[in-house]
Amino acid sequence: METRNNERTHTERGAGTLESERLEFAGGQGRIAVYPGSFDPVTCGHLDIIQRASRQFDTVIVAVLNNTSKNPLFSVEERRELLAEVTKDIPNVRIDSFRDLLVRFMRSQGARTIVRGIRSVTDFEYELQMASTNHQLDGEIETIFMMTNPKYSYLSSSIVKEIAKFQGSVKDLVPPVVQSALTTKFPGRPS
Ligand code: ADP
């Protein structure tokens, strides 16, 4: 009898706490994940992760890092526009940008899950360090990793820019709208 009472008290307290905590943190909008990155520009590898994450979470916020120490090809606004265009058919994806600490941005959005993609052991080492740092800064934030689609395991924004710079074809690497944007940045050689 005592055990049952204890169990019930524990369960009731536990359930109540979890529910109110969940609502407080998620702002009543369900499970929100943030997929942060440079996206300079968005590639088919990024898009694959966004599509898969959108099936696992109620809302996915793709957050462009406004990093003044990098020298990007596309401005934050251009990167956001390209992301918005390529995700326009996924209703639960939203595009945003941030320049603050990621964990602070997460709090402001009521999100507690970071989504990152892993392509290789090299990615893993860097990502482990980032995930541990963010967890250290805010113990309620979790990072989850999605393995790359093998089709895109070699693909990065840098590789795409390198190919486009020398007028190589990036047709299968980025969505068509990104391909056009790259052509504008790197006009073809005069004939
Ligand atoms: P960052 O500068 O933060 O690494 P990126 O735009 O390069 O920004 O990458 C954002 C995230 O997307 C990272 O977690 C990266 O590992 C992941 N990512 C990049 N390209 C791919 C790909 N081809 N397949 C899976 N994940 C990828």
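Values in this text are rule-based calculations from the coordinates and carry no lab data. The structure presented is a predicted model; accordingly, all values stated were derived computationally and were not measured. Note that we place each Cβ from the backbone using ideal geometry, even for glycine, and neighbour counts take in every protein chain shown.
In region 28-153, Cα pairs under 8 Å separated by at least six residues give a relative contact order of 30 percent. For region 112-156, taking Cα atoms only, Rg and Dmax work out to 11.4, 34 Å respectively. Annotation: amide H-H contacts under 5 Å for Gly117 (H modelled 1.01 Å from N, sequence separation of 5 or more, or interchain): Met146.
Filter the cross-link list Lys70/Lys151; Lys70/Lys161; Lys88/Lys165; Lys151/Lys185 down to pairs whose alpha-carbon distance in this structure exceeds 22 Å. In this structure, Lys70/Lys151; Lys88/Lys165; Lys151/Lys185 lie more than 22 Å apart at Cα.
In this structure the amide hydrogen of Ile61, modeled in the peptide plane, comes within under 5 Å of the amide hydrogens of Ala33, Val34, Tyr35, Arg94, none closer than 5 places in sequence on its chain. The phi-based Karplus calculation (6.51 cos²θ - 1.76 cosθ + 1.60; θ = phi - 60°) puts the 3J(HN,Hα) values of region 51-57 at 4, 5, 5, 5, 7, 9, 10 Hz, whole numbers, x for Gly and Pro. Charged side chains reduced to their Cβ positions (Lys and Arg at +1, Asp and Glu at -1) give region 28-153 a dipole of some 140 debye around its Cα centre. Amide H contacts of Ser97 (H built 1.01 Å from N, in plane; Pro and chain starts excluded): Val64 sit under 5 Å, all sequence-distant by 5 or more or on other chains. With the charge dipole of region 40-104 set up from +1 on Lys and Arg Cβ and -1 on Asp and Glu Cβ about the Cα centre, the Cα lying farthest toward the positive end among the listed residues His46, Leu65, Leu101 is that of Leu101. For region 90-142, the set of trypsin sites (Lys or Arg not before Pro) satisfying both a DSSP loop assignment and a count of at most 13 other C-beta atoms within 10 Å is given as Arg99. Taken one residue at a time, the phi angles of region 126-140 give Karplus couplings (6.51, -1.76, 1.60, θ = phi - 60°) of 5, 5, 4, 5, 5, 5, 5, 5, 5, 5, 5, 6, 8, x, 8 Hz. Gly and Pro are set to x.
Applied to region 32-37, the Karplus parametrisation 6.51 cos²θ - 1.76 cosθ + 1.60 on θ = phi - 60° returns per-residue 3J(HN,Hα) values of 10, 10, 10, 10, x, x Hz, with x for Gly and Pro. Treating each Cα of region 28-153 as one equal point scatterer and applying the Debye formula with no solvent, the log10 of I(q)/I(0) at q = 0.09, 0.16, 0.18, 0.22 Å⁻¹ comes out as -0.23, -0.78, -1.01, -1.54.
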